[in-house]
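What follows is a set of notes on a single structure, which appears directly below.
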Amino acid sequence: MPEPEPVQLLRRESLHRGRVFELVHEHIRLPSGREQSLDLVLHPGAVAIAARDTAGRLALVRQYRRAADCWMTEVPAGRLEPGEAPLVAAKRELEEETGLVAGRWKQLVRFFAAPGFCSEQLVLFLAEDLTPAGADRRGPDDDEELDLVWMRPEDVLLLEPKDAKTLVAALTLLANPGG
């Protein structure tokens, strides 16, 4: 399939720049000549970790999510810092959110959770050979309140409500148990 012609960015206006993302209004022209006016969330990207123990269970964190107005059980995850490699971020987030470190890492998949309005691309890693972090463990961010929960991937599918990155992790492992 031939590469389509590039999309032209005609205008971009920043509506809000926050700690985690920027909200912009863009006007673009598609190769066909059709124009679109869009409000987009620009995000630096994030990592998610399917941390699996020797029994095949995933280390999950339960936390309150204000946007969903509920407590959710999710794979550990976090945003990329500027210039940070995804694996470095994944190791940091696993330790901060679960108190675990992993001896073996493998990148599983890259995906967009909501590409209709958000540029956030997630990189999902499999982490195995889990052990508790040492006494110098990095803890959660000051504003995070997390509880560690262990679940088999098939049981993750029963969670309500469901978190997209956690579903991707569980389904990826169920489709390819070896990672």
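Taking every DSSP helix (H) stretch of at least 4 residues in the chain, weighting each as -39,500 (n - 2.57) and dividing the sum by the residue count yields a mean residue ellipticity at 222 nm of -4500 deg cm²/dmol. Ordering 137-144, 63-70 by mean Cβ neighbour count within 10 Å, with the highest value first, yields 137-144, 63-70.
Ordering 1, 23, 173 by Cα displacement along the dipole of the chain toward the positive end leaves 1 in first place; charges were set at the Cβ atoms of Lys, Arg (+1) and Asp, Glu (-1). Local charge for residue 59 was computed over the other residues whose Cβ lies under 9 Å away, with Lys and Arg +1 and Asp and Glu -1, and equals 0. For residue 50, the residues 5 or more places off, or on other chains, whose built amide H falls under 5 Å of its own are 125, 126, 127.
Here, the chain has an Rg and a Dmax of 18.4, 60 Å when only alpha carbons are counted.
Comparing 112, 61, 101 along the charge dipole axis of the chain, the residue lying farthest to the positive side is 112, per the Cβ-charge model. Charged neighbours of residue 96, selected by a Cβ distance under 10 Å, balance to -1 (K, R count +1; D, E count -1). Which residues in segment 92-123 place their backbone N less than 13 Å from a point set 7 Å from the Cα of residue 26 along the Cα-to-Cβ direction? Correct set: 115-121.
Separation of segment 116-162 and segment 1-20, taken as the distance between their Cα centroids, equals 30 angstrom. Rounded to the nearest 20, the Cβ-based charge dipole of the chain about its Cα centre (Lys and Arg +1, Asp and Glu -1) stands at 400 debye. Would any residue of segment 33-69 have its amide N under 12 Å from a label point 7 Å out along Cα→Cβ of residue 92? List them or say none. In segment 33-69, the label zone of residue 92 (backbone N under 12 Å from the point 7 Å along Cα→Cβ) covers 46-47.
Read the figures in this text as sums done on the coordinates, not as results from a lab. Quick caveat: nothing in here was measured; it's all calculated off a predicted structure. All Cβ positions, glycine included, derive from the backbone under ideal geometry; neighbour counts span all protein chains shown.
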